[in-house]
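Chemist: Quick one: the structure is below, questions incoming.
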Amino acid sequence: MAETVGVISTYQTDYRSQHPDVTFVEQAQQAAVGALHAGNMRPDDVDAVVFSLAPTNFMGVADADRWAIDYIFGAGKPMFRVHTGGATGGSAVHAAYSLVRAGTFRIVMVIGAERIAETPDAQAVLNTIFDLFYERDMPLSTNTSVALQASAYMQRHGITQEDLAQAVVRQRWNALRHPQAHLKGEITVGDVMASPMISYPLKLYDICPRSSGSAAMIVGNVEALDSFQSRPAFLNGIGSVTGTYWVGDRLSPTADIDYAEMSLTDFSGAACFRRADIKDPVKEIQVVELYDPYSLVGYVQLERLGFCPRGKAARLDSEGFWDLDGGQVAVNPSGGTLCSNPIAITGLARCIDAANQVMGTAGGIQVHGVRNALATAVGGISQFHNVTIFGEDHVPDREEV
Amino acid sequence: MSRATNPTDVIRSEVTLRYDYSVGEVAGTFLDGLRSKKILASKCSMSGLAYLPPRAYCERTFEKCDSWVEAGLEGTIEASTIVVRGFEGKRQPPVPIAFVRLDGVDSAIANYIDDVDCSDLEAAMQAIAPGRRVRVEFVGEPEGRITDFSFVLVD
C-alpha cells in the first residue's frame, strides 16, 4: 500500500540577477527557513532532505550541496542531491514524492538555490554539456540548440517569429502580478521583434533571464498532513522520461524521438496523466506551469501534452486561450521560465507555482477554482523531461487500486 | 546584523582546468577517417542503421556496430541557425551552423556552413533552411578534429 503524498508548505525568494545581500548557502537557508515557517514546522520535523542542484560550474563551487548542509538543517538527516540539468527541480520533487510514497520517510524537504549570474561565462559552461569530440568546437549552447529546433518546427507548421513572441508578451504581463518574478512588464510583439538577435530566430526577449534565488517545498504523508496542513495539494501524478544524448539522432526519418517537436514529452505526459487519472487535460487541468526558457518551448509542450493540436498552440494564444484571466487554461500565471530561470530550482519553482494554485496561496496570480495544476521541467538538450500534477483531492493511482 | 551591500562587493575567482581526453577506438577511427578526408559512420547489420557520430553499439538493438561505412559527402540540412551572438574560442559571428544528415546515414551531425552571406539574416536563413542540400568540404591539411570539415551549400 503506497502512502498518499501532499504538499505541506512552499517558499521561494524573489528571482533577480543578483542577491548581493547573501551568499549561495545563505540564500538556500532563506528558503529552508521560509518553508518551515510557512508549515509551522521545526527542522526536527523534517526526516530527509533532497537538494536540487544543477551544474555547479555555474558558480564554480564543486558539489555545493555539501556547503549547504548546515544552512538547510541537513546535518543528522539523510540528504540526497538530484541533478538532471534544467529538469533538476522537477526530478527533486519526484524523488521526495517517491521517498514519502514508499513509506521510507514521513516528511521530506526539497530545497535548492541558484546563483548563475555570478559568472559571466554561463553560455561557455553550457557549451561543455555538448559532446567534446564531435560538437563542442561549434558554438552550441542552450540558446543555439533551441534555435536549431525552432528552424525545423517553424518551417513545418508555418509559425512566424511574431507568433512565438506572444508567449513573451502574455507571460511578462502575468508576471506583473507575481512578486517573485524576475522579468515583468507590459510589452508588445513589436518590442520582442525589436530586441537583439541572439541565434536566428531567437531574439533576446525570446530567451529567459539568468536568475538567482532559492526555493523549497515540504511534502509529507497523511499523518504529516494531519499535523501541519489542512489544505494540501496532493501529488497525484508524476511522469518522467529520458531521451537520447544525441541531437542528431532525433533529426532523422528513423528517429525514435522528434527533436523539432520535443516528442519526448509524450512519454512523461502519458505516464503522469495515467497516474493522476487525467483523460481530458483542457477540461480537467486549470493551471499549467511549463518549463519554457524559450518562447517556442512552452507552445511545443502544450501541443505534446494534448492541450491542443500540433502546431496550434501559438495560434490559440492570439485568441486568448492561454490567458490568466478568461482563458481556457491559465498557462504560466507566474510568468514561467521565460520570466525567471534560476536553473537549479526552476523545475521546483514550477512545481511550487502549480501547488500554490491548488492550495489557494498563489496571491496575485491565484486562479479561481483550481482542481488540478500541472508543472513540467526540461533538462539538458531536451534529454530529460518530467511532468507533475497537483490536485485538491487525492487520486489513488492505478498501481494502488 | 545589518550592513549595506552592493553588486560590486565581490571576491573574484578564476578557475582554469586542463583535460586530456582519450579518444578511444570508435572516435579514434572516425578522426583517422577525417585525416584521409573521409567521414566514417558505424553501422549495425541487425538494425541496418548507420550512425554519425559513430557508436560502439547500436542503441536500438543493443548489438555491436559491426562495420564502418563511408558517409556520402553530400547531405540534407535537418536543422539550422545563424549564431549572431557567439562566444569565445569559436568562429566569429554571425555564423551559420546546421545538423546535416549525410547521404546513407541515419542521424545528423553538426558543423559550420561556409560561404553564406549573412548580411541579410532572413535571406541567409532561407538559403540554409531545413531541406536544403549541402556538401562536405575538408580543410587542406586535416588534423583529425571535427573542424577538419564544414558544409557548403550545393547550388
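Chemist: Please state which one of A:110, A:146, A:168 is within 14 Å of chain B (Cβ to nearest Cβ) and under 19 Å from the mean Cα position of the chain (by Cα). Quick ask: steps written out before the conclusion?
Modeler: Values: A:110 fails: within 14 Å of chain B (Cβ to nearest Cβ); A:168 fails: within 14 Å of chain B (Cβ to nearest Cβ).
That would be A:146, the only listed residue that is within 14 Å of chain B (Cβ to nearest Cβ) and under 19 Å from the mean Cα position of the chain (by Cα).
Chemist: Applying the selection to the stretch A:71-94, what residues are over 28 Å from residue A:389 (Cβ atoms) and either under 22 Å from the mean Cα position of the chain (by Cα) or free of Cβ contacts under 8 Å to residues at least 12 places away in the same chain (or both)?
Modeler: Across the stretch A:71-94, the qualifying residues are A:75, A:76.
Chemist: Can you name every residue in the stretch B:110-150 that is of a type in the set (A, V, I, L, M, F, W, C), free of Cβ contacts under 8 Å to residues at least 24 places away in the same chain and within 11 Å of chain A (Cβ to nearest Cβ)? Step through it out loud before you land on a result.
Modeler: Of all residues in the stretch B:110-150, those of a type in the set (A, V, I, L, M, F, W, C) come to B:110, B:113, B:116, B:118, B:121, B:123-125, B:127-129, B:134, B:136, B:138-139, B:146, B:149.
Those still in the list that are free of Cβ contacts under 8 Å to residues at least 24 places away in the same chain too: B:110, B:123, B:139.
Correct list: B:110 only.
Chemist: Still on this model: Need at least 2 residues that are hydroxyl-bearing (Ser, Thr, Tyr), out of contact with any strand residue (DSSP E or B) (no Cβ under 7 Å at 6 or more places or on another chain) and under 29 Å from residue A:16 (Cα atoms) per element, so show me which helices (runs of 4 or more DSSP H) inside the stretch A:291-350 make the cut, counting only ones lying wholly within it.
Modeler: A:295-304
Chemist: Select, from B:67, B:45, B:107, the only residue that is farther than 20 Å from residue B:27 by Cβ, at pLDDT 95 or above and either crowded, with 17+ Cβ neighbours inside 10 Å or more than 10 Å from every other protein chain (Cβ to nearest Cβ) (or both). Before the answer, list the steps.
Modeler: On the way: B:67 fails: farther than 20 Å from residue B:27 by Cβ; B:107 fails: farther than 20 Å from residue B:27 by Cβ.
When all the criteria are applied, what remains is B:45.
Chemist: Let me ask something else. Suppose we filter the stretch A:162-180 for residues that are closer than 22 Å to residue A:321 by Cα and buried (at least 19 other Cβ atoms within 10 Å of the Cβ); how many remain? Can you show your working first?
Modeler: Step one: of the stretch A:162-180, the residues closer than 22 Å to residue A:321 by Cα are A:162-178.
From what is left, the residues that are buried (at least 19 other Cβ atoms within 10 Å of the Cβ) are A:163-172, A:174-175, A:178.
Going through the stretch A:162-180 one residue at a time, the tally reaches 13.
Chemist: Being small (Gly, Ala, Ser) and either at pLDDT below 95 or surrounded by fewer than 20 Cβ atoms within 10 Å (Cβ to Cβ) (or both) is the filter here, so list the residues in the stretch A:96-119 that pass it.
Modeler: Scanning the stretch A:96-119 gives A:98, A:102, A:103, A:117.
Chemist: Within the stretch A:218-273, which residues are of a type in the set (Ser, Thr, Tyr), part of a loop (DSSP other than H, G, I, E, B) and over 26 Å from residue A:286 (Cβ atoms)?
Modeler: A:244, A:245, A:252, A:254, A:259
Chemist: Suppose we filter A:60, A:103, A:76 for residues that are over 26 Å from residue A:301 (Cβ atoms), within 11 Å of chain B (Cβ to nearest Cβ) and not hydroxyl-bearing (Ser, Thr, Tyr); which single one remains? Spell out how you get there, then give the answer.
Modeler: Numbers: A:103 fails: within 11 Å of chain B (Cβ to nearest Cβ); A:76 fails: within 11 Å of chain B (Cβ to nearest Cβ).
Just one listed residue meets the conditions, A:60.
Chemist: Exactly one of these conditions fails for residue A:17: (1) touching a Leu at 6+ places or on another chain (Cβ under 6 Å); (2) within 23 Å of residue A:292 (Cβ to Cβ). Give me its number.
Modeler: With (1) touching a Leu at 6+ places or on another chain (Cβ under 6 Å); (2) within 23 Å of residue A:292 (Cβ to Cβ) applied to residue A:17, the lone miss is (1).
Chemist: So which residues in the stretch B:72-81 are in contact with a helix residue (DSSP H, G or I) (Cβ under 9 Å, 6 or more places away or on another chain) and either more than 7 Å from chain A (Cβ to nearest Cβ) or surrounded by fewer than 24 Cβ atoms within 10 Å (Cβ to Cβ) (or both)? Walk me through how you get there before you give the answer.
Modeler: Applying the first criterion (in contact with a helix residue (DSSP H, G or I) (Cβ under 9 Å, 6 or more places away or on another chain)) to the stretch B:72-81 yields B:77-81.
Once the filter is applied, which keeps residues that are in contact with a helix residue (DSSP H, G or I) (Cβ under 9 Å, 6 or more places away or on another chain) and either more than 7 Å from chain A (Cβ to nearest Cβ) or surrounded by fewer than 24 Cβ atoms within 10 Å (Cβ to Cβ) (or both), the stretch B:72-81 yields only B:77.
Chemist: Moving to a separate point now. If a residue must be over 30 Å from residue A:117 (Cβ atoms) and either within 14 Å of chain B (Cβ to nearest Cβ) or touching a Phe, Trp or Tyr at 6+ places or on another chain (Cβ under 8 Å) (or both), how many such residues does the stretch A:213-271 contain? Walk me through how you get there before you give the answer.
Modeler: So the first thing to find is which residues in the stretch A:213-271 are over 30 Å from residue A:117 (Cβ atoms), and the list is A:220-239, A:241, A:244, A:246, A:248-258, A:260-261, A:263, A:266-267, A:269-271.
Still in the list and also either within 14 Å of chain B (Cβ to nearest Cβ) or touching a Phe, Trp or Tyr at 6+ places or on another chain (Cβ under 8 Å) (or both): A:220, A:233-239, A:241, A:244, A:246, A:248-258, A:260-261.
Total meeting the criteria: 24.
Chemist: With farther than 26 Å from residue A:200 by Cβ, free of Cβ contacts under 8 Å to residues at least 60 places away in the same chain and either crowded, with 19+ Cβ neighbours inside 10 Å or in contact with a Leu (Cβ under 7 Å, 6 or more places away or on another chain) (or both) as the only criterion, which of A:390, A:307 stands out?
Modeler: Unique residue meeting the criteria: A:307.
Chemist: Which members of the stretch A:274-283 meet the condition of being assigned to a helix (DSSP H, G or I) and crowded, with 16+ Cβ neighbours inside 10 Å?
Modeler: In the first step, residues of the stretch A:274-283 are kept if they are assigned to a helix (DSSP H, G or I); the result is A:274-276, A:281-283.
The answer is A:275, A:276, A:281.
Chemist: Scan (1) buried (at least 22 other Cβ atoms within 10 Å of the Cβ); (2) more than 20 Å from residue A:234 (Cα to Cα); (3) out of contact with any Leu (no Cβ under 9 Å at 6 or more places or on another chain) for the single condition residue A:314 breaks and write down its number.
Modeler: (3)
Chemist: Scan the stretch B:10-35 residue by residue and report those that are assigned to a helix (DSSP H, G or I) and at the interface with chain A (Cβ under 10 Å from one of its Cβ atoms). Lay out the reasoning, then the answer.
Modeler: Kept after step one, since they are assigned to a helix (DSSP H, G or I), are these residues of the stretch B:10-35: B:24-35.
If the condition is that a residue be assigned to a helix (DSSP H, G or I) and at the interface with chain A (Cβ under 10 Å from one of its Cβ atoms), then B:24, B:26, B:27, B:28, B:30, B:31 are the ones that fit.
The values are calculated or read from the model by the stated rules, or taken from the named source; none is laboratory data. Here the structure is a predicted model, which means the values were calculated and not measured. We place every Cβ from the backbone using ideal geometry, glycine too, and count neighbours over all the protein chains shown.
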